[in-house]
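This report concerns only the one structure given below.
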Amino acid sequence: MTAFFEILMSIQWFPGHMTSARRNAAETMAVTDVVIEVVDARLPEASTNPLVHELRRQRQRPCLKVLNKSDLADPVATREWIAWYDRQPGIRAVAVSSKNAGEVACLPGLCQGLATHRNDNAKPLRMMIMGIPNVGKSTLMNALVKRKIAKVGDEPAVTKSQQSHSLGARRWITDTPGLMWPKIEYDSDGYMLAASHAIGRNAIIDEEVAVFLADLLLARYPERLAERYGFAVEGLDGVAVVEGVARRRALRGRGGEPDLEKASQAFLQDYRDGKLGRISLETPETRQAMLSRADAARKVTEQTVIGTPNQD
Ligand SMILES: Nc1nc2c(ncn2[C@@H]2O[C@H](COP(=O)(O)OP(=O)(O)OP(=O)(O)O)[C@@H](O)[C@H]2O)c(=O)[nH]1
Ligand SMILES: [Mg+2]
């Protein structure tokens, strides 16, 4: 992709309350039979939290991977992701929109299939919903319980503590606070997460995230930009797209110059609200290409370090 991808600053966000959220999740994991790991269908791997895997592995708990917000994701990419996950050992994946209660009704049954021994009053099936912030965990909980028991909101870190509820006599479900991890390994993951509103506002600069998103959409969905904003995008880069949004929306600073901050926020909001159509920020193929590039860059760095003669 474009040069901007190579000059990304790293985004990190692990606020204090997540240390206790991680500890509480580890405790609840001990009394959980199946983890429902919610990821964002538009960026399933970038929104997969390695801490969830780590906590599950310690207790050997099976996992149902839920690609949520699939109503906002590119259906072709989502199909590719489901096939990709189904090839991974020990993972069962399903794509849903938690805003549609009918779509999530099958999830407890799928979890039951992963823990068939937990199926009576004495041994109820205990499910724990986990994942990064703002992926729709509480929306999913409410849809399963068929009541608004958990607060939801389009902001990261809305849920601050765990909440459990029965699902009939033989099943329990627990909603947990969104959890990040201490270090996001790949910078582009940080930007995809920020664009998708999983990262707190204090940890990002909207203009940088908007330029990243614009560059990515220029590469993968240029026609959506042209349709939404009504200007030709051939030959533009991400900065020019954000400037174009400012002009189209008449967003100007005091001196009449384009207000790039407001334009960035409007552009990010359009993506988050699905106004640019159904978009996936990564596919199994782009993920693999990104990992190969990162691996090659790492090897070059290692060779440079090893090959540098000692100056002492
Ligand atoms: N379009 C769409 N929006 C969804 C879906 N699921 C949840 N949302 C929206 O995503 C936002 C976040 O939902 P929450 O349920 O609060 O997310 P959460 O994972 O519990 O977030 P935290 O508690 O902050 O970790 C809300 O605005 C929801 O309405 C979905 O399947 N599709
Ligand atoms: Mg929540």
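General observations
- Cβ-Cβ under 6 Å pairs, at least 6 apart or on other chains, the stretch 159-186 side within 20 Å of V38 (Cβ to Cβ) and among the acidic types (D, E), far side outside any loop (DSSP other than H, G, I, E, B) and open to solvent by less than 20 Å² (accessible area, probe 1.4 Å): D175/I129; D175/K137; D175/S138; D175/M141
- Top-ranked residue of the stretch 154-189 - restricted to ones that are assigned to a loop (DSSP other than H, G, I, E, B) and of a type in the set (A, V, I, L, M, F, W, C), ranked as farthest from ligand 2 (Cβ to nearest atom): A169
- Filtered residues of the stretch 112-136 (kept if away from ligand 1 (no atom under 16 Å from the Cβ) and of a type outside the set (A, V, I, L, M)): Q112, G113, T116, H117, R118, N119, D120, N121, K123, P124, R126
- Which numbered condition D154 fails, given (1) more than 7 Å from ligand 1 (Cβ to nearest atom); (2) surrounded by fewer than 23 Cβ atoms within 10 Å (Cβ to Cβ): (1)
- For the stretch 58-89, residues that are in contact with a Ser or Thr (Cβ under 7 Å, 6 or more places away or on another chain) and assigned to a loop (DSSP other than H, G, I, E, B) total 6.
- Exclusive hit being of a type in the set (G, A, S), more than 16 Å from ligand 2 (Cβ to nearest atom) and in contact with an Asp or Glu (Cβ under 7 Å, 6 or more places away or on another chain), set A122, A115: A115
- Only one of the listed residues (L216, L144, L193) is within 18 Å of K275 (Cβ to Cβ) and either surrounded by fewer than 23 Cβ atoms within 10 Å (Cβ to Cβ) or touching a residue at least 24 places away in the same chain (Cβ under 8 Å) (or both). That residue is L216.
- Applying the set (1) part of a loop (DSSP other than H, G, I, E, B); (2) in contact (Cβ under 8 Å) with a residue 40 or more places away in the chain; (3) near ligand 1 (Cβ under 8 Å from one of its atoms) to T139 leaves exactly one unmet item: (1).
- Complete set of residues in the stretch 7-54 that are assigned to a loop (DSSP other than H, G, I, E, B) and over 29 Å from R272 (Cα atoms): V31, T32, D33
- Filter result for D74 (more than 22 Å from A25 (Cα to Cα) and crowded, with 19+ Cβ neighbours inside 10 Å): yes
- Of the criteria (1) within 14 Å of ligand 1 (Cβ to nearest atom); (2) touching a Leu at 6+ places or on another chain (Cβ under 6 Å); (3) open to solvent by 20 Å² or more (accessible area, probe 1.4 Å), which one R92 fails: (1)
- Restricted to the stretch 190-220, and to residues there that are within 16 Å of ligand 1 (Cβ to nearest atom) and part of a loop (DSSP other than H, G, I, E, B), the residue that is modelled with the lowest pLDDT is I204.
The values are calculated or read from the model by the stated rules, or taken from the named source; none is laboratory data. Since the model is a prediction, treat every value here as computed from it, not as a measurement. In this analysis, Cβ positions are derived from the backbone assuming ideal geometry, glycine residues included, and neighbour counts consider all displayed protein chains. Each accessible area value is taken on the protein alone, full model and side chains, heavy atoms only, with ligands, DNA and RNA left out. Shrake-Rupley method; radii C 1.70, N 1.55, O 1.52, S 1.80 Å.
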